[in-house]
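Participant: Dropping a structure here in structure tokens format, bear with me for questions.
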Amino acid sequence: MRKILIFFPLLILFLASCGGNRDQAMKPPSTNEEAIQTYQDALNNLKSGQYFYASKRFSEAEGMLSEIDAAAKAALMSSYCLYNINSYDEAILNLRRFIRIYPASPHVSYAHYLIAISYYEQILDEDKDIQPLLNSKKQIEDFIKKFPNTDYAIDLRFKLDLVINQLAAKEISIARYYIKTEKWIAAINRLQFVVENYDKTIFVEEALHRLVEIYYKIGLEEEAKVAAALLGYNYNSGEWYEKSYKILNTNYKSPIIKKDNEKDSLIKRTIKKILFIDEKSGKN
């Protein structure tokens, strides 16, 4: 089930390619037969999961096929095989070459999509390098702008949300480090960036709270109140708002809520009612 959306267009391309090259007559028979055989070898390797060898054979077939559409299909399939063995950089280079050489191909949007996905799958976690995240964000945004009404755009919009959340997580992680090392200005800059650029992510609440925390600590109480007001206006029922409220209201204590077992609570409530009635009526 891995990479279904990515593979499905290639499956259609594969099925359409199985017999389409046998009608070529632009080259001498021996050359044409060799091209068809090379292409068939590539298909066989693809079917058996030998992606590295399939990529090499597709690339060889591209240079031998006289029909433009067939050569374009071979080039695209070669790139797909590279992608499938995680050779993302090489796949991207091949895909950009495909777009440049075969701009009229009906599969250009798919090539752009595969480039975006190749960047997306190089994303690392929030504690690692931020550059793959930025690269992925740019490629996805470029694709959505160029091909907004494709099925690929629907998939990439979802992935873009994930990328943005990871970028916000990265900024928060860096801000926490600056807070720990008491580099207040650097921390404030990171947190403000989250508030201004990633306000639709789950990390904006923490960013606002951290700003309240820092401003109050360094004596900028008015700025702390502004950040707290923004947090309260948008997220007044969240845990981060309660933490900020405690900072600005030192006498505040969280209400202690005892969670009794539902059955026991009902029994206790009933007993209290009975006692209240007995006391009121003068019974012992």
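The values are calculated or read from the model by the stated rules, or taken from the named source; none is laboratory data. The structure displayed is predicted, hence computed values, not measured ones. Heads up, the Cβs are rebuilt from the backbone with ideal geometry, glycines too, and the neighbour counts pull from every protein chain shown.
Participant: Quick check on the range 143-168: of everything there that is closer than 16 Å to residue 99 by Cβ and in a helix (DSSP H, G or I), which residue is farthest from the chain's Cα centre (by Cα)? Let's see the steps before the verdict.
Facilitator: Of the range 143-168, the ones closer than 16 Å to residue 99 by Cβ are 143, 145-147, 150, 152.
Restricting the remaining residues to those that are in a helix (DSSP H, G or I) gives 143, 145-146, 152.
Working: 143: 14, 145: 17, 146: 19, 152: 14 Å.
The extreme case among them is 146.
Participant: Then there is this: Are there any helices (runs of 4 or more DSSP H) wholly within the range 67-127 with 1 or more residues that are among the charged types (D, E, K, R) and buried (at least 22 other Cβ atoms within 10 Å of the Cβ), and if so which?
Facilitator: Passing ranges, in order: 68-84.
Participant: Sort out which residues of the range 88-107 are closer than 9 Å to residue 76 by Cα and either among the acidic types (Asp, Glu) or modelled with pLDDT of 95 or more (or both), and write them in order of number.
Facilitator: If the condition is that a residue be closer than 9 Å to residue 76 by Cα and either among the acidic types (Asp, Glu) or modelled with pLDDT of 95 or more (or both), then 94, 95, 98 are the ones that fit.
Participant: For residue 140, state whether it is aliphatic (A, V, I, L, M), assigned to a helix (DSSP H, G or I), in the same structural domain as residue 50 (by TED's automatic domain parsing) and modelled with pLDDT of 95 or more.
Facilitator: Considered against the rule, which asks whether it is aliphatic (A, V, I, L, M), assigned to a helix (DSSP H, G or I), in the same structural domain as residue 50 (by TED's automatic domain parsing) and modelled with pLDDT of 95 or more, residue 140 comes out as no.
Participant: So, of the residues in the range 133-155 that are surrounded by fewer than 22 Cβ atoms within 10 Å (Cβ to Cβ) and of a type in the set (A, V, I, L, M), which turns out to be nearest to residue 88 (Cα to Cα)?
Facilitator: 134
Yes or no, residue by residue, for (1) assigned to a helix (DSSP H, G or I); (2) aliphatic (A, V, I, L, M); (3) in contact (Cβ under 8 Å) with a residue 24 or more places away in the chain:
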{"residue": "172", "(1), (2), (3)": "yes, yes, yes"}
{"residue": "175", "(1), (2), (3)": "yes, yes, yes"}
{"residue": "193", "(1), (2), (3)": "yes, no, no"}
{"residue": "199", "(1), (2), (3)": "no, no, no"}
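Participant: Please find, among 242, 206, 223, the residue that is in a helix (DSSP H, G or I) and at pLDDT below 85.
Facilitator: 242
Participant: Right, another one. Within the range 78-104, track down each residue that is on the phi > 0 side of the Ramachandran plot and either more than 22 Å from the chain's Cα centre (by Cα) or without any contact (Cβ under 8 Å) to a residue 12 or more places away in the chain (or both). Full working, then the answer.
Facilitator: Of all residues in the range 78-104, those on the phi > 0 side of the Ramachandran plot come to 86.
Residues satisfying the conditions do not exist here.
Participant: Out of all the residues in the range 105-138, which are without any contact (Cβ under 8 Å) to a residue 12 or more places away in the chain and within 24 Å of residue 67 (Cβ to Cβ)?
Facilitator: 106, 108
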